[in-house]
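The values are calculated or read from the model by the stated rules, or taken from the named source; none is laboratory data. A quick note: this is a predicted structure, and the numbers were derived from the prediction, not measured. Cβ: placed from backbone, ideal geometry, glycine included. Neighbour counts: every protein chain shown. With ligands, DNA and RNA removed, areas are computed over all heavy atoms of the protein, side chains included. Shrake-Rupley method; radii C 1.70, N 1.55, O 1.52, S 1.80 Å.
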Amino acid sequence: MHKLVILLLTLEPILCAKDEFPADFLFGIASSAYQIEGGHDANGKGASIWDHYLRLNPALVRDSTNGDTACDSYNKYEEDVSLLADLGVDFYRFSISWSRILPTGYSNKINPDGVRYYNELIDGLVARNIRPMVAMYHWDLPKPLQDLGGWTNPLLSDLFEDYAKILFENFGDRVKLWITVNTNWMGYGDAQFPPLLNQSGIGEYLYVKNVLLAHAKVYHLYNREFRSSQNGQIGITVDGRWYEPATPRDQEAAERTRQFYIGTVANPIFGDGDFPKLVKERVDELSQEEGFSRSRLPKFSREEVEYVKGTYDFFGINIYTTFLTKDVEIEDGSEPSFGKDLKAELHHDPKWPESNSFWLKVVPWGCRRVLNWIKESYGNPPIFITENGFSDRGELDDVDRIDYFESYLNAVLEAIHEDGVQVRGYAAWSLLDNFEWTSGYSERFGLHHVDFADPGRRRTAKSSARWYKDVIERRRLDAPSDTLKTEL
Ligand SMILES: *[C@@H]1O[C@H](CO)[C@@H](O)[C@H](O)[C@H]1NC(C)=O
């Protein structure tokens, strides 16, 4: 008893109090190129799949808007940098538009204005002591590369490596945190999002395999040619929704769903180098039953397994919400699809607080659980939460957003202090109200309001911006943590 007390007294100042973030914890805020930049064809930029498909079919977006101008950050980046400096963030996570740097997607023609734009943005950040965290790709593939099949084409991994090399050469002297891909296979299995491939049970898996090879190539390229001089870190971002069993009988369905959604991307890099065993077995078996000559799930060769395994410095994860997961029966003879492979139905508890996005309910304990699942599944890798945020209708006194951030950040603190998860940093989504993909401007995620009717796209800080600034300054949460306590 006596010894324990002494031990605790000795450790306490080193470990820091439970409502405090560790001294080296990084606070940031996130955005992505297509959602904020605008300047869709400015000074040599090429078209991305979002430019192309929304031009072709404006009805894909709920309010028939697009990202042609968005927040006009292409022209207003200096003001964005001032907002970031005012918040006091340690880092800014943004993405580079591939087609602004390489208008056709290929590396033979570099657009000098694209290089200028990101140089000025990065210089502005560095001058204000804000570390750039750069995602090389956030959903906006150059249109000509989609004509080759996009991420279903294995050639994409070479083209991505060529593009990444140009980024390292031009920006790697100042950018020390890289995300290769913000992974998201939407549009590969469905027809709701660009690129509208609508090949469920096939497109998703081709996307993942080729993205993983692209990621690994870039990681190895960095090690070969840049790491010794540039000394940065590279990770990939995974969509980290939590899947909770709806009833005790749905444990298996919930774990299966985690493996299909998170494991297919994470296991090859952070686990044993291959798709999860459970995913391979299920898709291989169904493919055979369905009469395919080979599995719908592509194979990793032994060389590829070795090549992809361990290609990370950190685990990037976007965390927003949780789904209850229920096992379902699959009818005999039903069409091949990702949903059939999954054999699970996802829904929300009607008691969970809502946001202004149908898919986003407020479930902070799910944040703690998914962080713990990553820790247990992949040997406790360093984690960056690369997005976490809440949507509303754009009100300036956004108290619901503050409640959301407070409860999720508290779950992060519990994961760090009570569970030993290595969360190194956190990026709130998002700096500005912006173009929320097919929801257009109807769902607002910003800590700053943007007036989209104003040609100047006036930005106004919301209450949450002041709240976040205060948290960053004090590096702790105000609310007594027992009022927020989440269960693991
Ligand atoms: C998507 O594919 C499904 C199944 O093959 C088909 O029924 C549906 O019409 C397709 N949707 C579009 C928009 O092409």
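Values as computed for the structure displayed
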{"quantity": "Dipole of region 24-484 [Lys/Arg +1, Asp/Glu -1 at C-beta], most positive-end residue of Leu413, Gly235, Ser334", "calculated": "Gly235"}
{"quantity": "Distant-in-sequence amide H partners of Leu26 (H built 1.01 Å from N, under 5 Å)", "calculated": "Gly425, Tyr426"}
{"quantity": "Separation between Cα centres of region 81-138 and region 441-455, rounded to whole Å", "calculated": "21 Å"}
{"quantity": "Of the DSSP H helices in the chain, those whose Cα atoms cover at least 15 Å axially and whose Kyte score averages 0.5 or more", "calculated": "2-15"}
{"quantity": "Point-charge dipole on Cβ atoms (K/R +1, D/E -1) for region 24-484, about Cα centre, debye to 20", "calculated": "920 debye"}
{"quantity": "Farthest positive-ward along the chain dipole, Cα basis, beta-carbon charges - from Pro382, Phe452, Leu197", "calculated": "Pro382"}
{"quantity": "Cα-based Rg and Dmax for region 24-484, where Dmax is the largest Cα-Cα distance (Å)", "calculated": "21.0, 62"}
{"quantity": "Residues of region 24-484: accessible area per residue with a 1.4 Å probe, Å²", "calculated": "37 Å²"}
{"quantity": "Net +/- balance of residues flanking Tyr117 in space, Cβ distance below 13 Å, scoring K and R +1, D and E -1", "calculated": "-3"}
{"quantity": "Charge tally in the Cβ shell below 13 Å around Gly425, where Lys, Arg are +1 and Asp, Glu are -1, Gly425 excluded", "calculated": "+1"}
{"quantity": "Options Ala164, Leu148, Ala461, ranked by Cα towards positive dipole end of the chain, top entry (Cβ charges)", "calculated": "Ala164"}
{"quantity": "Gain upon complete extension [Asp419, Arg393; 0.36 nm per residue less C-alpha separation]", "calculated": "5.8 nm"}
{"quantity": "Extension reserve of the Glu354-Glu20 stretch, reckoned as 0.36 nm per residue once the Cα distance is removed", "calculated": "117.5 nm"}
{"quantity": "Positive minus negative residues near Pro194 (Lys, Arg vs Asp, Glu; Cβ under 14 Å)", "calculated": "-2"}
{"quantity": "Sulfur and carbon atoms: percent of accessible area, the chain [1.4 Å]", "calculated": "51 percent"}
